Amino acid sequence: MRLEQLQAFLAIAETGSFQKAAGKCGVTQSTISRQIQSLEADLGVELFHRTNQAKLTLGGERLLPRARKICQEWETATQELVDLIAGKQPELCIAAIHSLCGSYLPPVLQKFCHDFPEVQLRVTSLGSDRALKVLKDGLVDLAIVMNNRFLTTAREMVVEVLYDEPIELLIAANHPLAQYERVPWSELVRYPQVVFKDGYGMQRLVQDKFERLEATLQAALEVNTLDAFRGVVRQGELIALLPTSALLEARLDPTLAVRPLANNALPDNSSLTRRVVMVTTQDRLQIPPIKHFWQLVRENIPPLMEQQRSAS
């Protein structure tokens, strides 16, 4: 059974004539006749009484509502695909790490809403691993996350590197480590830390660094929001290692202090940084609103790290 056979069947049922149905479908009458004969052969039942007027048989009457439903569903599906390719989608779903949602992303969101007012933009703050999972599951269209090469290597994935940013130390303004302009690693490891919950890229990055250096991470508390980090650290004892983009508000808070790590802070002479990437799939990147959002992010992010530090 083919779709054009059902369409021919409906055209005959609606016009009552093979000849009129042929004109409606834009084919010859012999083509219409062959399509109906083939459909009847597939179904094993005659669909029309061959009289002066094509009248439905009992089998034809039973098929009619089903055929209408099938053809209507096909028309709806094809129109939705046409709208999708044309960029006429009702919403665009983005998953992004917390620090970007509160810092570099808002101007991009505003610009997109201005350019595509008919598309509802939905943004969810998630940890990197969770954001990549919901992208893979098709629940969001695009993710901006800390890079995890184990979750972004599938052939259908498109990955754009946005920027690398240093990890810095967040402490209370009266904390002993505040005396340093750049904090030595030997001093940092002495204090208990507040860290991201498991499943967040930052938690894995810090833990891996401590393990490679054979140092003990004193993870005293796990949280998952930047407000919680600031609130806990403000109490005085706990410290936190966070990326620069997560520390913009902390730099303006007189009860908090932000310190970079000393150039030789790490015994293996490596730097402690994270890479932020934008990820979607090849097929999604062909859709106009998604492609436009992708381009907006490329044009407006990465930020100028040094300029932002000096402005703070």
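The values are calculated or read from the model by the stated rules, or taken from the named source; none is laboratory data. Computed from a prediction, not measured in an experiment: that's the story for all the values here. Heads up, the Cβs are rebuilt from the backbone with ideal geometry, glycines too, and the neighbour counts pull from every protein chain shown. When the accessible area is computed, the model is the full protein with side chains, heavy atoms only, and any ligands, DNA or RNA have been set aside. Shrake-Rupley method; radii C 1.70, N 1.55, O 1.52, S 1.80 Å.
Brief remarks follow.
- Residues that are free of Cβ contacts under 8 Å to residues at least 12 places away in the same chain and crowded, with 17+ Cβ neighbours inside 10 Å within the stretch 16-26 comprise just one, Ala22.
- Test: residue in the stretch 79-99 that is in a helix (DSSP H, G or I), open to solvent by less than 60 Å² (accessible area, probe 1.4 Å) and modelled with pLDDT under 85: yes
- Among (1) within 23 Å of Tyr163 (Cα to Cα); (2) surrounded by fewer than 21 Cβ atoms within 10 Å (Cβ to Cβ); (3) modelled with pLDDT of 90 or more - the single one Asp227 does not satisfy: (1)
Here is a yes/no grid of residues against (1) in contact with a Gly (Cβ under 8 Å, 6 or more places away or on another chain); (2) open to solvent by 10 Å² or more (accessible area, probe 1.4 Å):
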position	(1), (2)
Cys101	no, yes
Val108	no, no
Asp115	no, yes
Arg130	yes, yes
Ala143	no, no
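- Here Gly138 meets the list (1) under 18 Å from the mean Cα position of the chain (by Cα); (2) not in a loop (DSSP other than H, G, I, E, B) almost entirely, failing just condition (2).
- Members of the stretch 105-128 that are in contact (Cβ under 8 Å) with a residue 12 or more places away in the chain and more than 17 Å from the chain's Cα centre (by Cα): Pro107, Lys111, Asp115, Phe116, Glu118
- Whichever residue in the stretch 39-57 is open to solvent by less than 70 Å² (accessible area, probe 1.4 Å), in contact with an Asp or Glu (Cβ under 6 Å, 6 or more places away or on another chain) and in contact (Cβ under 8 Å) with a residue 12 or more places away in the chain and, among such residues, is farthest from Gln7 (Cα to Cα): Thr57
- Any hit, the stretch 198-211, residues being surrounded by 13 or more Cβ atoms within 10 Å (Cβ to Cβ) and in a strand (DSSP E or B): no
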